[in-house]
Amino acid sequence: MTSVHTSARGEADDAVARPTWPGVPDGVLEPAERPIAWSMLSRALSVPLILGLVCFLPAVIAAQPGNGVRDTAYWLQLVLTCYAGARLATMILSTRRRLLQGVFWMFVYIAMGVAPFAQVVIGQTPTPMVGPRQDLITAVAMVLLGCAAYDLGALLASRRPLRRRTAPARGSGGGGGAAVAHPLRLRLLVVVAFAASAFYVLKLGGPAVFFSSRQEITETVAASGVVTEGSNVGSAFIKGFGQVPALLALLLYTRRLATSYRARRTPSTVLVWVALGALNLVVNNPISNARYWFLTVLMAFVFTAMPSSAAVYRTVLATGVVGALVVFPYADKFRYDDEGQRPAQSASVFEPLVTKDYDQMVMFANTISWVDTRGHTYGRQLTGSGLFFVPRAVWSGKPEDTGVRVGQWMGLRMTNLSAPLWTEFWVDFGATGMAGGMALIGYGAARTDRRYARAVTRAGPGPGSVLAIAAPLIAGYTFILLRGPLLQAAGKLAIAALCLLLISTFREQRAKRRR
């Protein structure tokens, strides 16, 4: 009776979120004190945060000098920026940590809101727009439609109760059917991580290459013979298996150390964690890796190490906006060697937004122009992304990255262009398919957020929880998925899913949660 009552009470707690004091574990404050403490903090933060995101920053951008036209695209972009800012403020101020949804709205606010709005005001874009102005208007309107569909999907997910967990057996510490990492398989994952990363390092000529530049890494991979003409499957697999298992093993051991008192007192566990940390400093460092991937590594590690800290969650989302505006455009210092390094020159904090990385909205407009000339592909592009592992030698008609296809059509030499998730759905299925796809993503994100909130509580499946690792990893990888193209992003995500699937078990483990 006791276990059944506990399970029912946990389900009720999930349905009605209990406010928590940021940074203070459950049980430190009395239940009657928490609502008062949080309400005082939320009132103090809500007004300046909402005003800053929704009013102040858009107003500062609108006041910038430039040659932009104040037409329909301008006003739609302003509406999108304010809408995304309001939703991001809601995520930050929420009493429940909505990890995936918070990251989604942070990306939309910066990459689809603030940056394109600055481009419209100043009258300059990172990538030329080859089609008519109407295509940009359509692109902004479709992003707005996709965001509304995402919100609708999240709303539907919140209306549907989570499946009730079965009561755990007496004396067991399992999570009532939740996926946990099998101890033996976790050790095997560590072995695989060291072996795969060692092969990756040796294939590229040793650790020194990983502390030079991304350009040298690319040239070394090309010279290693793993890249065949017209296909990057071989290099993608070597790089993916060299990086992803090492990261997952580190996250799983970090989770154990963060949540298990016994693990922190076990020297072997601590030593393995230190060794995995050193390994990740080589293969997943910010010097030799893309900024979006290192952002994934950093965010996954932070949310894994401090899963129950509401203060950390809100700080990451709030400071992420500042980092995206100020730090991110200059974080590609190690992309090139000294001879190829492009000096950063900026007279305004908003100039990098119109000259460097944030080409998502203009690429959506170019994709609309491209589709107008050839029609929709009705699932072909998404199929190519799903079957990313098939070499072009086997599938001669395998679709290329959407960004590459559009760049080639535009006649550009540099085709490493973004293809935001909205465009992937648009290319295949048009407006209807895009709205439906974004609604499904919103539904899945909201459901995952609710299950993650349960997994990181004391009533969750404990130190071995797979979801407590998977959700932070997906949240960090969301930047890559949203930026696109999907074909480039699918490889590492599939490797991570395979590793997590292989180490997961749903069998109850006796005395699993030792705290």
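The values are calculated or read from the model by the stated rules, or taken from the named source; none is laboratory data. Just so we're clear, the structure is a prediction, and the values are computed from it rather than from any experiment. Backbone-built Cβ (ideal geometry, glycine too); neighbour counts: all protein chains shown. Surface areas here come from the heavy atoms of the whole protein model, side chains and all, with no ligands, DNA or RNA. Shrake-Rupley method; radii C 1.70, N 1.55, O 1.52, S 1.80 Å.
Modelled with pLDDT under 90, more than 27 Å from residue 383 (Cα to Cα) and open to solvent by 10 Å² or more (accessible area, probe 1.4 Å), is that true of residue 468?
No: the conditions fail for residue 468.
Scan (1) within 20 Å of the chain's Cα centre (by Cα); (2) more than 18 Å from residue 251 (Cα to Cα) for the single condition residue 466 breaks and write down its number.
Result: residue 466 fails condition (2) only.
Select from segment 425-441 the residues that are within 14 Å of residue 383 (Cβ to Cβ) and over 20 Å from the mean Cα position of the chain (by Cα) and write down the one among them that is most open to solvent (accessible area, probe 1.4 Å).
The residue in question is 429.
Yes/no matrix, rows are residues, columns are (1) under 21 Å from residue 96 (Cα atoms); (2) without any contact (Cβ under 8 Å) to a residue 24 or more places away in the chain; (3) of a type in the set (Gly, Ala, Ser):
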site	(1), (2), (3)
443	yes, no, no
453	yes, no, yes
456	yes, no, no
464	no, no, yes
478	yes, no, no
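Taking residue 70, is it part of a loop (DSSP other than H, G, I, E, B), at pLDDT below 90 and within 20 Å of the chain's Cα centre (by Cα)?
no
Looking at the structure I just gave you, is residue 77 of a type outside the set (A, V, I, L, M, F, W, C) and modelled with pLDDT of 90 or more?
So residue 77 fits the description; yes.
Looking for something aromatic (Phe, Trp, Tyr), open to solvent by less than 10 Å² (accessible area, probe 1.4 Å) and out of contact with any Lys or Arg (no Cβ under 7 Å at 6 or more places or on another chain) - is there at least one such residue anywhere in segment 111-123?
So far as segment 111-123 goes, yes, one or more of its residues are aromatic (Phe, Trp, Tyr), open to solvent by less than 10 Å² (accessible area, probe 1.4 Å) and out of contact with any Lys or Arg (no Cβ under 7 Å at 6 or more places or on another chain).
Return the pairs, sorted by first residue and then second, in which the second residue is assigned to a helix (DSSP H, G or I) and at pLDDT 85 or above, the first residue lies in segment 403-415 and is open to solvent by less than 30 Å² (accessible area, probe 1.4 Å), the beta carbons are less than 6 Å apart, and the residues are 6+ apart or on different chains.
From segment 403-415, the pairs are 406/366; 406/367; 406/370.
Please pick out the residue among 303, 294, 364 that is at pLDDT 80 or above, closer than 30 Å to residue 270 by Cα, open to solvent by less than 40 Å² (accessible area, probe 1.4 Å) and assigned to a helix (DSSP H, G or I).
When all the criteria are applied, what remains is 303.
Please verify whether residue 336 is farther than 28 Å from residue 99 by Cβ and modelled with pLDDT under 80, treating the condition exactly as stated.
The answer is yes for residue 336.
Which members of segment 258-274 meet the condition of being touching a residue at least 40 places away in the same chain (Cβ under 8 Å) and either part of a helix (DSSP H, G or I) or acidic (Asp, Glu) (or both)?
Answer for segment 258-274, where residues must be touching a residue at least 40 places away in the same chain (Cβ under 8 Å) and either part of a helix (DSSP H, G or I) or acidic (Asp, Glu) (or both): 258, 259, 261, 262, 263, 272.
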